[in-house]
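Notes for the one structure printed next.
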Amino acid sequence: MNSRFCSPGKLLHYMFYLLLAFSLMMCWRPASAQKSVALSVGDTVPDVLIRNVLNYHSPVARISDFKGKLLILDFWATWCKPCVMMVPRMDSLEKHFDGQLQFLPVTYQSRQEVAVFRDKLAKRTGHRIQGPEVVSDSVLSKLFVHNAVPHYVWINADRKVVAITGLEEITRPKLAAYVSGKSTTLSTKTDELRLGYSAMDGPLSGFLAQTKLRPDGYRTFFSPYIKGLRSQAILKEISSGQDHWRMTLTNVTPLSLYKYAYGEGRRFFSMNTIELQTKDSLDFYNNFSGAKLREWIPSGTYCYEMVVPAAMAPKAFGMMRDDLSRLLPRYSARTEKRQRQVLALIRTSDQDRIGSKTAQFSESFDKFTYQVRRKSMTDFVTGLNGIYMNGSKLVIVDMTGYKGFIDLDLDVNFARTDDVNKGLARYDLKLVERTADIDVLVICDTSAVAQ
């Protein structure tokens, strides 16, 4: 992970970027400028030469090499959790439909990136891709333009595109119906064209030419869903000629807006620390996925941006809370102390085995190994809650009392607390269940508050 996204005490340069991926349960990849004509359902795929093929009798292949069976191109990336979860499923499905089905994983990532990932995956889970796969792809992605993975292209024995789907359609019953010639309805995954904007590059309002800075250097922007923007969020200080603090959130849920406003960049509100007391709670949180989620996003997300002089940054989250009370007047929010069962991070000895020995901040995570240098304990715990152990049913609380910067190297399965504790043991750290008073975010209807 590029360490320029982070600095000690300012975790959110990349933290919020990843939190949106988890909250929207989707993996996005930047859409590149493609001049080739994209193929659609019903088109015939040209018998193009595919290079950089691994686990095959040749480093090159053609679409026609897989004739006689249903070929499914699986566009994926090592950082995409749903993609990785498909590895054992692909093997199982290919064995079940022996000779009738072939998955061909395709990624823009390099051979080295994929090899390192595959080795770690096999070591951790025992799962490994046995069949051919394509790395450093520059051909197939031009024929099937997409900006979100996983992305599946179904190609029949006549090289005709019969479906372009998301993960939700890759099921044994639907595959069985297709290979047996029975009629089956598959939801088409259509990725909208991107506007080419990244929150890392500058203010959204300037990109859209919607507003200009006031003389005092302050501006805000709010809008319903904007087609062509990725779901992302970032906090950033701008120091090139100006000294401004910026918060940009694009196509995020109302719940995300409240979580950022009341979390103030340090506190992560997991679902067990949020109480929704609203009649239309599905507007805030739902378990939609796949096609249903893609249909809901345009009507259920918003864009928000605030740019203020750096001197006003300490007041920015309070200003955002005031904005939300005006922009979403139907709702009211507050934080309250509630007693909850938590996972407390504690020290098991007085020996300092975690003190940082470097002057430069760095952090990396590849789904298997985590390494950090010169990071605060507060930010580490925020990362556990928001990213690495975000599936935990219990919120993680820092009870170490440690005030200095830390260095850690962990090779653990963050989905298992016992495995995490094995990795933490060498640093005399441990996660234990305790009861504690913690902040809970309460969101309710304004009408209920008035009563």
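No value in this document is a laboratory result; all are computed from the given coordinates. Please read all numbers here as calculations on a predicted model, not as lab measurements. For neighbour counting, all protein chains shown are included, and Cβ atoms are generated from backbone atoms with ideal geometry for every residue, glycine included.
Rounded to the nearest 5, what is the percent of antiparallel bridges among the DSSP beta bridges in the chain?
On the way: 64 of 78 bridges.
Just about 80 percent of them are antiparallel.
What's the FRET efficiency of Ser281 with Lys315 using the Cβ-Cβ distance as r and R₀ = 41 Å, to the nearest 0.05?
Values: r = 30 Å, r/R0 = 0.74.
Once rounded, the FRET efficiency stands at 0.85.
Between the DSSP loop rule and a limit of at most 10 other Cβ atoms within 10 Å, which trypsin sites (Lys or Arg not before Pro) in the stretch 374-451 are left? Numbers along the way, then the final one.
Working: sites: Arg374, Lys375, Lys393, Lys403, Arg416, Lys422, Arg426, Lys430, Arg434; in loops: Lys393, Lys403, Arg416, Arg426.
Those satisfying the criteria are Lys393, Lys403.
Extension gain for Thr358 to Lys182 (0.36 nm times residue separation, less C-alpha to C-alpha distance): 57.1 nm.
Straightening the chain between Ser325 and Lys120 buys 69.1 nm, computed as 0.36 nm per residue apart minus the Cα-Cα spacing.
The simple Förster model, with R0 at 25 Å and r as the Cβ-Cβ distance, assigns Val41 and Leu208 a FRET efficiency of 0.15.
Suppose we look only past 40 Å in the calculated P(r) of the chain. What percent of the Cα-Cα pairs does that tail hold?
Working: 26663 of 101475 pairs.
Across the chain, Cα pairs with separations above 40 Å total 26 percent.
Arranged from fewest to most other beta-carbon atoms within 10 Å of their beta carbon, Met399, Met247 become Met399, Met247. Placing pseudo-labels 7 Å out from each Cα toward the beta carbon at Val48 and Glu433 gives an inter-label distance of 5.3 nm. Between Lys227 and Arg111, the C-beta separation translates, for a Förster distance of 25 Å, into a calculated FRET efficiency of about 0.10. Would you please classify the overall shape of the stretch 316-451 from the alpha carbon gyration tensor, given that a ≥ b ≥ c denote the square roots of the eigenvalues, rounded means a/c under 1.5, and beyond that prolate means a/b larger than b/c while oblate covers the rest? It is prolate, given that a/c is not under 1.5 and a/b is the larger ratio. For the chain, the 222 nm mean residue ellipticity estimated from helices alone, with every DSSP H stretch of n ≥ 4 adding -39500 (n - 2.57) and the total spread over all residues, rounds to -7500 deg cm²/dmol.
Normalised size of the stretch 31-179, defined as Cα radius of gyration per 2.2 N^0.38 Å with N residues, equals 0.98. Each label point was placed 7 Å from the Cα along the Cα-to-Cβ direction; for Leu195 and Thr348 their separation is 5.1 nm.
For Arg172 and Trp296, the difference between the fully extended length at 0.36 nm per residue and the C-alpha to C-alpha distance is 42.0 nm. Overall, the chain carries a charge dipole of about 160 debye about its Cα centre when +1 sits on the Cβ of Lys and Arg and -1 on the Cβ of Asp and Glu, all other atoms neutral.
Helix 290-300 axis versus longest C-alpha principal axis of the chain: approximately 40°, rounded to the nearest ten. In terms of distances greater than 20 angstrom between alpha carbons, the cross-link table entries Lys189/Lys279; Lys315/Lys375; Lys120/Lys422; Lys189/Lys393; Lys67/Lys160; Lys81/Lys182 yield Lys189/Lys279; Lys315/Lys375; Lys189/Lys393; Lys81/Lys182. Once every Cα of the stretch 209-359 carries one equal point scatterer and solvent is ignored, give the base-10 log of I(q)/I(0) from the Debye formula at q = 0.11, 0.15, 0.16, 0.20 Å⁻¹, two decimals. Result of the Debye calculation: -0.57, -0.93, -1.01, -1.31.
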